[in-house]
Amino acid sequence: MPAVATYWAEHAWLPHAGGPVVGHEVLIGVGPDGRITEVTPDSGPCPPDAVKLTGLTLPGQANAHSHAFHRALRGHVQIGSGTFWTWRDTMYRFAGALDPDSYLGLATAVYAEMALAGITAVGEFHYLHHAPGGGRYGDANAMGEALIEAAARAGIRITLLDTCYLSSGFGAEPTEPQLRFSDGDADAWAARAGELKERGHARIGAAIHSVRAVPADQLATVAHWAAMRRAPLHVHLSEQTAENDACLTAHGVTPTRLLADHGVLGPRTSAVHATHLTDEDIRLLTDSSTNICMCPTTERDLADGIGPARRLASGGCPITLGSDSHAVIDPFEEARALELNERLHSRTRGHWTAGALLRAGTEDGHASLGWPEAGRIEAGALADLAVVALDSVRTAGPAPALGAETAVFAASAADVRHVVVGGRQIVRDGVHQLVADVPAALRDSIAALQS
Ligand SMILES: [Zn+2]
């Protein structure tokens, strides 16, 4: 993919024995395999043959939870009132309009927006498998293939989390809009998902949509599929109290306990949201070192509540971040929201350092998507980089030594200047190098769904 290249970072967020530090005048060499070959701080001025990266170079950001088509809802769902469930009705209307071609166009634009925000890998929680009404496309994975191709066109990595979605509730058949999501049973899901092939920029994982959408006696089939492949396994967990209530009624246990009893939890698993948990739920998640994917901008948009991220992290769960419904796509906003939510809730400050929040958005996020070799600027790691301007109206002023604090607590996606994936520069001076006009691509692909 990349030519052999050398980058020179004015400032860079580098691993260090006592915790990451901001290094200066850092030469970053990239080999033909797209991995970093050397990291040399204090190298002096930028050599003539190096690509200059002005600002703070961070590891590329991992967007650990995405439903690409939700981007089409932006604006539309901010009218009137309602709940998560009324929002979902609108979401289903947009889902019904997509086919493999239109999804390729929309997802390319959405992933290009992600690239411009500094995101170099996305975890796509994909359940829009079949044609409206549930008919199969000629290639039963045509929709998933469209997402993999979209990531390639946008220049980013993808983990396609192929999602098992079989029921509309406990013991309830899929509703009409949900027929597109269902393979019939978990064995049929496993057979179809097993046809997906990994490639350079794409890895394959599994997802259980939720305990509402996969019957308890079929949870282990999905968990086993992922275990056999040592693949990531993601699951929406307790985003809404209604899910907890229905699970208690159907099974007499919480969703977390149900997942634990069927072998779903563990260090390859990510529980998404984890908003409404009991003390025992928290213990089950921490004891199993399950990743917790928080999606703060979506959780506040959908009035979900504030999950116990701090308690889960203190107990040993790695925390990751996702933009989920894409109410906004801004990894810095997701990161600071974790701390700021905690401040509002506790009325005290300082629950997460900027460094800990950056780790959630990079190293731990990539690992949860099955890319453990990404998320650090060090020799041997994937050369995935995101450069944040420290001279914009939002970021100018603080000394470079405060670059991490500035990026996390003041920068926005608009401050991302350059992005490198596998050594290849896909964003230069804020301009996507592969998708000519990202706003136009978003506008046109979303308009096509409404015509
Ligand atoms: Zn989601």
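Residues that are in contact (Cβ under 8 Å) with a residue 12 or more places away in the chain, closer than 22 Å to ARG417 by Cα and crowded, with 24+ Cβ neighbours inside 10 Å: does region 63-86 have at least one? Yes - at least one qualifying residue is present in region 63-86.
When residues in region 238-292 are screened for being hydroxyl-bearing (Ser, Thr, Tyr) and assigned to a strand (DSSP E or B), 2 of them pass. Contact annotation: residue pairs with Cβ atoms under 7 Å, 6 or more positions apart or on different chains, pairing a residue in region 225-251 that is hydroxyl-bearing (Ser, Thr, Tyr) with a partner that is open to solvent by 10 Å² or more (accessible area, probe 1.4 Å) and away from the ligand (no atom under 16 Å from the Cβ), are SER238/ASN244; SER238/LEU277. In region 265-286, the residue that is nearest to the ligand (Cβ to nearest atom) out of those that are more than 20 Å from ARG203 (Cα to Cα) and open to solvent by 40 Å² or more (accessible area, probe 1.4 Å) is HIS276.
Of the residues in region 321-338, at least one is open to solvent by 20 Å² or more (accessible area, probe 1.4 Å) and small (Gly, Ala, Ser). Is it true that ALA216 is within 30 Å of GLY60 (Cβ to Cβ), in contact (Cβ under 8 Å) with a residue 40 or more places away in the chain, open to solvent by less than 20 Å² (accessible area, probe 1.4 Å) and of a type outside the set (Val, Ile, Thr)? No, not satisfied.
So which residues in region 365-415 are among the aliphatic types (A, V, I, L, M), surrounded by fewer than 24 Cβ atoms within 10 Å (Cβ to Cβ) and not in a helix (DSSP H, G or I), if there are any at all? Listed by number, the residues that qualify are ALA379, ALA381, ALA389, VAL393, ALA396, ALA399.
Assessment of region 300-319 against the conditions (in contact (Cβ under 8 Å) with a residue 12 or more places away in the chain, within 16 Å of the ligand (Cβ to nearest atom), crowded, with 19+ Cβ neighbours inside 10 Å and at positive phi) yields no matching residue. Taken together, the residues in region 2-52 that are under 28 Å from the mean Cα position of the chain (by Cα), on the phi > 0 side of the Ramachandran plot and open to solvent by 60 Å² or more (accessible area, probe 1.4 Å) amount to 0. The residues of region 416-451 that are assigned to a strand (DSSP E or B), without any contact (Cβ under 8 Å) to a residue 12 or more places away in the chain and either open to solvent by less than 30 Å² (accessible area, probe 1.4 Å) or closer than 24 Å to THR37 by Cα (or both) amount to a single one, ARG428.
Please verify whether region 124-136 includes one or more residues that are among the basic types (Lys, Arg), closer than 21 Å to GLU198 by Cα and open to solvent by 10 Å² or more (accessible area, probe 1.4 Å). The answer is no, given that none of the residues of region 124-136 is among the basic types (Lys, Arg), closer than 21 Å to GLU198 by Cα and open to solvent by 10 Å² or more (accessible area, probe 1.4 Å).
Tallying residues that are over 30 Å from PRO398 (Cβ atoms), touching a strand residue (DSSP E or B) at 6+ places or on another chain (Cβ under 7 Å) and away from the ligand (no atom under 16 Å from the Cβ) within region 43-76 yields 1.
The values are calculated or read from the model by the stated rules, or taken from the named source; none is laboratory data. Worth saying up front: this structure is predicted, and the values here are computed from it rather than measured. FYI the Cβ positions are ideal-geometry reconstructions off the backbone, even for glycines, and counts take in every protein chain you see. Ligands, DNA and RNA are stripped out before the accessible areas are found, and what is left, the full protein with its side chains, is counted by its heavy atoms. Shrake-Rupley method; radii C 1.70, N 1.55, O 1.52, S 1.80 Å.
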